[in-house]
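For reference, the structure discussed in these notes is given below.
The values are calculated or read from the model by the stated rules, or taken from the named source; none is laboratory data. Note that the structure is predicted; figures quoted are calculated from it, not measured. Counting neighbours? That spans all protein chains shown, and the Cβs are built from the backbone with ideal geometry, glycine included. Note: areas computed on protein heavy atoms with side chains; ligands, DNA, RNA excluded. Shrake-Rupley method; radii C 1.70, N 1.55, O 1.52, S 1.80 Å.
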There are 2 protein chains.
Amino acid sequence: MTQFPPPLSGSAQDETPDLRPKFNADGLIAAIAQDAGSGDVLMMAWMNADALAATLATRRATYWSRSRGELWVKGETSGHTQEVVEVRIDCDQDAVLLKVKQAGGACHTGRASCFYRIVPFDGSALSHDQDMG
Amino acid sequence: MTQFPPPLSGSAQDETPDLRPKFNADGLIAAIAQDAGSGDVLMMAWMNADALAATLATRRATYWSRSRGELWVKGETSGHTQEVVEVRIDCDQDAVLLKVKQAGGACHTGRASCFYRIVPFDGSALSHDQDMG
């Protein structure tokens with residue numbers, strides 16, 4: 001299991017030059033994948049320490065599958081891989097942002113992004129992004 | 001407490017026209033805020049049912065503060081509000097994407113985005129996005 005140094009407190013965590021991920025009680029941090037070209041947000045998933053380390057080492061997005069309880073190299077079976085161009089981490093280091101070159105659709109439904117449905121403000125039925133089906 | 005209909009299983013959840021948020025064990029879903037103009041991902045936070053309902057009703061981003069244990073109208077004290085232009089929800093409905101017009105910096109550090117640090121692939125020190133300080 002990969003070990004990272006522990007998170008610091010308050011503003012020290014915001015300003016540290018060290019990667020000190022703040023994993024939750026399940027040992028996970030949130031990971032947002034964004035298309036490096038279009039800027040579209042593609043999906044949100046989770047990483048444990050090994051997934052984060054593997055993503056950095058291989059530049060291929062690797063998550064932790066909470067349903068399967070195992071490392072999940074995105075696209076390993078579907079071919080819909082994510083080549084990681086840049087990794088960012090947020091102020092308190094409990095979320096990472098991956099800028100990726102996405103092969104095929106990011107969503108398991110086959111759509112380009114998991115965020116294909118729009119929630120109307122008035123409580124009416126969800127609508128679909130017409131470009132994503 | 002706002003009540004939404006319960007999530008469905010598998011592909012029924014992916015295709016339902018109903019807003020059926022899948023809250024975690026703490027009653028929360030992830031919320032990603034993205035700048036509606038630039039496409040920059042600004043922050044990730046959490047929403048309970050009331051926060052999601054308030055965001056839709058007021059078009060002002062409202063989260064659940066896990067540290068304070070209360071609803072958090074973004075910018076209520078700082079003035080750094082988020083006017084919500086569009087809300088999207090992902091396939092399994094455990095994450096929402098807000099497209100916002102951000103007043104001031106989204107990050108509590110004063111920076112434009114919480115994702116101001118880049119994680120190098122080689123394990124060296126985090127670098128800063130020069131435009132964000």
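Worth pointing out:
- Note on region A:20-54: among residues that are touching a helix residue (DSSP H, G or I) at 6+ places or on another chain (Cβ under 9 Å), under 23 Å from A:Lys101 (Cβ atoms) and not small (Gly, Ala, Ser), the one that is surrounded by the fewest Cβ atoms within 10 Å (Cβ to Cβ) is A:Ile29.
- The one condition in (1) surrounded by 14 or more Cβ atoms within 10 Å (Cβ to Cβ); (2) out of contact with any strand residue (DSSP E or B) (no Cβ under 6 Å at 6 or more places or on another chain); (3) not hydrophobic (A, V, I, L, M, F, W, C) that B:Thr77 fails to fulfil: (1)
- Single condition A:Ala125 does not satisfy, out of (1) among the hydrophobic types (A, V, I, L, M, F, W, C); (2) open to solvent by less than 40 Å² (accessible area, probe 1.4 Å); (3) within 8 Å of chain B (Cβ to nearest Cβ); (4) out of contact with any helix residue (DSSP H, G or I) (no Cβ under 9 Å at 6 or more places or on another chain): (2)
- Region A:80-113 - residue that is open to solvent by 50 Å² or more (accessible area, probe 1.4 Å), of a type outside the set (A, V, I, L, M, F, W, C) and closer than 15 Å to A:Asp35 by Cβ and, of those, nearest to the chain's Cα centre (by Cα): A:Lys99
- Scan of region B:93-128 for residues that are touching a residue at least 24 places away in the same chain (Cβ under 8 Å), within 30 Å of A:Thr109 (Cβ to Cβ) and in a loop (DSSP other than H, G, I, E, B), ordered by number: B:Gln93, B:Asp94, B:Ala106, B:Ser113, B:Cys114, B:Phe115
- Filter result for A:Asp131 (free of Cβ contacts under 8 Å to residues at least 12 places away in the same chain, more than 22 Å from A:Leu56 (Cα to Cα) and open to solvent by 40 Å² or more (accessible area, probe 1.4 Å)): no
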